[in-house]
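Q: Okay, handing you the structure first.
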Amino acid sequence: MKTKHILTAAVIILISTTISVSCSKNGLDDSAALSQAVTITKPEMKKFSRSFDTASTALAAKSAYINPKVAATILKFHVREGDAVKSGQLLAKLDDSDYAVGVQASRAQLEAAEAGVMQAEAAYSKISADYERFQALKESGSISASEFEQIESGYKQTAAGLAAAKAQRNMAAAALEGNQRQLNYTSIIAPFSGFVAARNGEIGEMASPASPRPMFEIVQSDKLKVNIFISELEIGSITKETVAKITFDAFPEDPVEAKVNLINSKVDPATKSVKIELSIDNSAMKFKPGMTVRVDFTFPEKEYLVIPRNAVFTRDNEAGVVYVKNEADRVFTKEIFMGGNVEGYVIIEGGLEGSEDIVVGGGRRLEEGQKVTVIESQNMKK
């Protein structure tokens, strides 16, 4: 009797082991084998009049960092931080004594080279006349070939001397031009009208193109620009005539209009968005570059592919994830690209085709490959 009980227990253990192995071979864990009750829905196209707002920073329409183009000691600053400047205005003066000496020396070299050209031209003019005359005598047989060769040799040497003198003059002129340019560089000039945003250095210090900090930062702030990124789904609603409302955090009660200045020609493949540059008239100089702003657009009514907001969840830092039920009544996660929220829905910019069965709510309780039972189907399509 005892032996019979032992055999019966062994059979039960063997059957349990076989069932366990069978489940493992089917690739299903215990949680996947349990069916979870879910509600599903399908994506649908819905019309919305959608608005867009985002934070950004106002930037100067134009800015420039200015360092001297030559190395020299700072003699004088003509402007301070915050000063308004005009295009071509003198900002600072560097010691130009060494460069002035270079200009004087190269000017003397040019004068000497020009005198050499004048002498070479006179010699060439005389020998050219002799050369033509002796050429005629040779053709008439009045002089021998050897006599003509002597004249021809002198003519060629004189022509080569003139060419060398002109080359020397050109080199001297280029040297003078270069030295004069360096002398001019000792005067630091504003490249455009604007304001001095920064000034670095002290009188008596050595300034150079390799200075770690720019001597000046000049900004043009009578116009400001704001860069934002718009979803590719909305870019068709943006033109150069589109007007945005800009609200500065420092002046919340005084919103201003901004015009579209630039629409980038390509879509960012990572964000599915397009860069837009907005232009703000700041002729009253009320706003400052670097201020935080809110940008608001209102788009015309348009159809969007959407799913309920409670069908989307995040996992492992993914942007957006949904559970999709397959024909075998098992659910698998799928990453989606979202274009924002509107009236309880999420706009789908990518990841779904529109015919999928999406689990609504309770996605966080599900596991990959889990068996589900549909208890309600919210067929959103009209």
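The values are calculated or read from the model by the stated rules, or taken from the named source; none is laboratory data. As the structure is a computational prediction, the values presented were derived from the model and not from experiment. Cβ sites come from the backbone with ideal geometry, for glycine too, and all protein chains shown count toward neighbours.
Q: Going residue by residue through segment 301-311, is there one that turns out to be assigned to a strand (DSSP E or B), in contact with an Asp or Glu (Cβ under 6 Å, 6 or more places away or on another chain) and aliphatic (A, V, I, L, M)?
A: no
Q: Return the residues of segment 233-272 that are within 18 Å of the chain's Cα centre (by Cα) and not hydrophobic (A, V, I, L, M, F, W, C); say none if nothing qualifies. Don't jump to the end; show me each part of the working.
A: Going residue by residue through segment 233-272, those that are within 18 Å of the chain's Cα centre (by Cα) are 260-272.
If the condition is that a residue be within 18 Å of the chain's Cα centre (by Cα) and not hydrophobic (A, V, I, L, M, F, W, C), then ASN261, ASN264, SER265, LYS266, ASP268, PRO269, THR271, LYS272 are the ones that fit.
Q: May I ask you to verify whether ALA123 is loosely packed, with under 14 Cβ neighbours inside 10 Å, out of contact with any Leu (no Cβ under 7 Å at 6 or more places or on another chain) and among the hydrophobic types (A, V, I, L, M, F, W, C)?
A: For ALA123, the condition - loosely packed, with under 14 Cβ neighbours inside 10 Å, out of contact with any Leu (no Cβ under 7 Å at 6 or more places or on another chain) and among the hydrophobic types (A, V, I, L, M, F, W, C) - is not met.
Q: Looking at ARG309, ARG315 in this structure, which one is at pLDDT 85 or above and touching a strand residue (DSSP E or B) at 6+ places or on another chain (Cβ under 6 Å)?
A: Result: ARG309 is the single residue among ARG309, ARG315 that is at pLDDT 85 or above and touching a strand residue (DSSP E or B) at 6+ places or on another chain (Cβ under 6 Å).
Q: Only residues that are of a type in the set (A, V, I, L, M) and part of a loop (DSSP other than H, G, I, E, B): list them for segment 324-348, please.
A: Taking segment 324-348 as the starting set, the residues that turn out to be of a type in the set (A, V, I, L, M) are 324, 328, 331, 336, 338, 342, 346-348.
Within segment 324-348, ALA328, ILE336 meet the criteria.
Q: Can I ask one more? Take the residues in segment 245-291 that are among the basic types (Lys, Arg) and in a loop (DSSP other than H, G, I, E, B); name whichever of them is modelled with the lowest pLDDT.
A: Result: LYS272.
Q: Hey, another quick one. For VAL372, indicate whether it is crowded, with 16+ Cβ neighbours inside 10 Å, touching a residue at least 60 places away in the same chain (Cβ under 8 Å) and in contact with a Phe, Trp or Tyr (Cβ under 6 Å, 6 or more places away or on another chain).
A: no
Q: Any residue at all in segment 40-48 that is outside the structural domain of SER279 (by TED's automatic domain parsing), among the charged types (D, E, K, R), farther than 24 Å from SER279 by Cβ and outside any strand (DSSP E or B)?
A: yes
Q: Continuing with the same structure: Is one or more of the residues making up segment 349-361 under 22 Å from ILE228 (Cα atoms), in a strand (DSSP E or B) and under 30 Å from the mean Cα position of the chain (by Cα)?
A: First, the residues of segment 349-361 that are under 22 Å from ILE228 (Cα atoms): 349-350.
Those still in the list that are in a strand (DSSP E or B) too: 349-350.
From what is left, the residues that are under 30 Å from the mean Cα position of the chain (by Cα) are 349-350.
Yes.
Q: Also, quick follow-up: Which condition does ALA92 not pass, out of (1) more than 28 Å from ASN200 (Cα to Cα); (2) of a type outside the set (Ser, Thr, Tyr); (3) not in a helix (DSSP H, G or I), if it passes all the others?
A: That leaves (1) as the condition not met.
Q: Which numbered condition in (1) touching a Pro at 6+ places or on another chain (Cβ under 7 Å); (2) under 30 Å from VAL346 (Cβ atoms) is the only one that ALA64 fails?
A: All conditions are met except number (2).
Q: Restricting to segment 304-339, name every residue that is among the charged types (D, E, K, R) and either touching a Phe, Trp or Tyr at 6+ places or on another chain (Cβ under 8 Å) or within 24 Å of ILE375 (Cβ to Cβ) (or both).
A: Residues satisfying the conditions are ARG309, ARG315, LYS325, GLU327, ASP329, ARG330, LYS334.
Q: Which members of segment 82-99 meet the condition of being among the charged types (D, E, K, R), in contact with a strand residue (DSSP E or B) (Cβ under 6 Å, 6 or more places away or on another chain) and modelled with pLDDT under 95?
A: The first filter runs over segment 82-99 and keeps only residues among the charged types (D, E, K, R), leaving 83, 86, 93, 95-96, 98.
From the residues that got through so far, the ones that are in contact with a strand residue (DSSP E or B) (Cβ under 6 Å, 6 or more places away or on another chain) too are 83, 93, 95.
Hit for segment 82-99 is ASP83, nothing else.
Q: Check LYS69 against each of (1) touching a strand residue (DSSP E or B) at 6+ places or on another chain (Cβ under 7 Å); (2) surrounded by 13 or more Cβ atoms within 10 Å (Cβ to Cβ); (3) basic (Lys, Arg) and name the one condition it does not meet.
A: LYS69 satisfies every listed condition except (1).
Q: I would also like to ask the following. In this structure, does ILE143 turn out to be assigned to a loop (DSSP other than H, G, I, E, B), without any contact (Cβ under 8 Å) to a residue 40 or more places away in the chain, surrounded by 14 or more Cβ atoms within 10 Å (Cβ to Cβ) and among the β-branched types (Val, Ile, Thr)?
A: Numbers: assigned to a loop (DSSP other than H, G, I, E, B): yes; without any contact (Cβ under 8 Å) to a residue 40 or more places away in the chain: yes; surrounded by 14 or more Cβ atoms within 10 Å (Cβ to Cβ): yes; among the β-branched types (Val, Ile, Thr): yes.
It is true that ILE143 is assigned to a loop (DSSP other than H, G, I, E, B), without any contact (Cβ under 8 Å) to a residue 40 or more places away in the chain, surrounded by 14 or more Cβ atoms within 10 Å (Cβ to Cβ) and among the β-branched types (Val, Ile, Thr).
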